[in-house]
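Notes for the one structure printed next.
The values are calculated or read from the model by the stated rules, or taken from the named source; none is laboratory data. On a predicted model such as this, the values are computed, not experimentally measured, just so you know. Every residue, glycine as well, gets a Cβ built from its backbone with ideal geometry; the counts of neighbours run over all protein chains shown.
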């Protein structure tokens, strides 16, 4: 057994998805710096020697620096994850682990920063994409259609393969959080955008070339469609660029928020939970980003 495998930090990170590994490594590096380990390599820290008072001090430092409660919880959970591995490796006792777990993150909540993208705005974005003569126009319309139409996460969309798409049923089989295989559905108009992109992509192939196995390609300057899968950063760029073109600041997760909000509006919270594949219905409720005007109008209808 190598030293890296014996390290509780390494074991904790290997249990996570690649995208989560980057996030939690950053979180643990910042936590280590705040705990006075800034001069020690992250993998060389004796994590098993952490005491509850260290975690208490970390929570206090985050609160003093104005970190939101959710962020504080992320830091605490990262430390707990490493300590869980230390316990599995018999580096700490179960009593020690329970004491670490007893330390709570900063309480409270913050209002979400998400935006509710109304149908008129989505139509405007589709028009902007349609007016773009480059391959990006067709691809971006398909990306936005699938994200908004199915409510999937950007990480799920970049990993989509053709084999996971059922065009007849208008369904997409994705691997979601926790390595769970899920079925997402999208409306006919979103699949029309997807089909238009895929047909255009196939038309660019040379004789004898096979189509790509994935859905969305990276496109370089000069409108060159590469044979490479799109990245999450590219999804972020698409949302930002197309949002700017319609005068709105948009983040990729806003498509998912808006999908869930619309399902809540037009159906109910239970249906939204099922389509979002949330274990806890309170998580679904937190995605409701209807604006203050809508809430105000709801109250004003309470006439005597």
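Condition check: assigned to a helix (DSSP H, G or I), in the same structural domain as residue 253 (by TED's automatic domain parsing) and under 15 Å from the mean Cα position of the chain (by Cα). Does residue 156 satisfy that? It is true that residue 156 is assigned to a helix (DSSP H, G or I), in the same structural domain as residue 253 (by TED's automatic domain parsing) and under 15 Å from the mean Cα position of the chain (by Cα).
When 42, 49, 22 are checked against the criterion of being modelled with pLDDT of 90 or more, at negative phi and not assigned by TED's automatic domain parsing to the domain that holds residue 156, 49 stands alone in meeting it.
A count restricted to the stretch 159-176 and to residues that are touching a helix residue (DSSP H, G or I) at 6+ places or on another chain (Cβ under 9 Å) and part of a helix (DSSP H, G or I) stands at 1.
Only one entry of 189, 197 meets the criterion of being more than 23 Å from residue 118 (Cα to Cα) and modelled with pLDDT of 95 or more, and that entry is 197.
State whether the residues of the stretch 35-45 include one that is assigned to a helix (DSSP H, G or I), touching a helix residue (DSSP H, G or I) at 6+ places or on another chain (Cβ under 7 Å) and closer than 30 Å to residue 259 by Cβ. Step through it out loud before you land on a result.
Here is the first cut: in the stretch 35-45, the ones assigned to a helix (DSSP H, G or I) are 42-44.
Those still in the list that are touching a helix residue (DSSP H, G or I) at 6+ places or on another chain (Cβ under 7 Å) too: 42-43.
Still in the running and closer than 30 Å to residue 259 by Cβ: none.
Within the stretch 35-45 (the criterion being assigned to a helix (DSSP H, G or I), touching a helix residue (DSSP H, G or I) at 6+ places or on another chain (Cβ under 7 Å) and closer than 30 Å to residue 259 by Cβ), the answer is no, since none of the residues qualifies.
Exactly one residue out of 144, 183 is in a strand (DSSP E or B), at negative phi and either modelled with pLDDT of 95 or more or over 16 Å from the mean Cα position of the chain (by Cα) (or both), and it is 183.
Would it be correct to say that residue 139 is within 22 Å of the chain's Cα centre (by Cα), modelled with pLDDT of 95 or more, under 30 Å from residue 158 (Cα atoms) and buried (at least 18 other Cβ atoms within 10 Å of the Cβ)? Please lay out each step first, then the result.
Details: within 22 Å of the chain's Cα centre (by Cα): yes; modelled with pLDDT of 95 or more: yes; under 30 Å from residue 158 (Cα atoms): yes; buried (at least 18 other Cβ atoms within 10 Å of the Cβ): yes.
Yes: the conditions hold for residue 139.
When the test is whether a residue is at pLDDT below 95 and either surrounded by 12 or more Cβ atoms within 10 Å (Cβ to Cβ) or over 30 Å from residue 226 (Cβ atoms) (or both), residue 61 passes it.
Could you identify the single residue in 66, 81, 108 that is touching a helix residue (DSSP H, G or I) at 6+ places or on another chain (Cβ under 9 Å) and surrounded by fewer than 16 Cβ atoms within 10 Å (Cβ to Cβ)? Give the derivation first.
Values: 66 fails: touching a helix residue (DSSP H, G or I) at 6+ places or on another chain (Cβ under 9 Å); 81 fails: surrounded by fewer than 16 Cβ atoms within 10 Å (Cβ to Cβ).
Answer to the selection: 108.
For the stretch 263-282, give me each residue that is surrounded by 13 or more Cβ atoms within 10 Å (Cβ to Cβ), touching a helix residue (DSSP H, G or I) at 6+ places or on another chain (Cβ under 8 Å) and either outside the structural domain of residue 125 (by TED's automatic domain parsing) or part of a helix (DSSP H, G or I) (or both). Matches in the stretch 263-282: 263, 264, 269, 271, 272, 273, 275, 276, 281. Exactly one condition in (1) in contact (Cβ under 8 Å) with a residue 60 or more places away in the chain; (2) within 28 Å of the chain's Cα centre (by Cα); (3) crowded, with 16+ Cβ neighbours inside 10 Å is not met by residue 19; state its number. Status for residue 19: all satisfied but (3).
Could you check how many residues of the stretch 53-101 are part of a loop (DSSP other than H, G, I, E, B) and touching a residue at least 12 places away in the same chain (Cβ under 8 Å)? Let's see the steps before the verdict.
First, pick out the residues of the stretch 53-101 that are part of a loop (DSSP other than H, G, I, E, B): 65-68, 89-93.
Right, trim to touching a residue at least 12 places away in the same chain (Cβ under 8 Å) and you get 67-68, 89, 91-92.
Total satisfying the criteria: 5.
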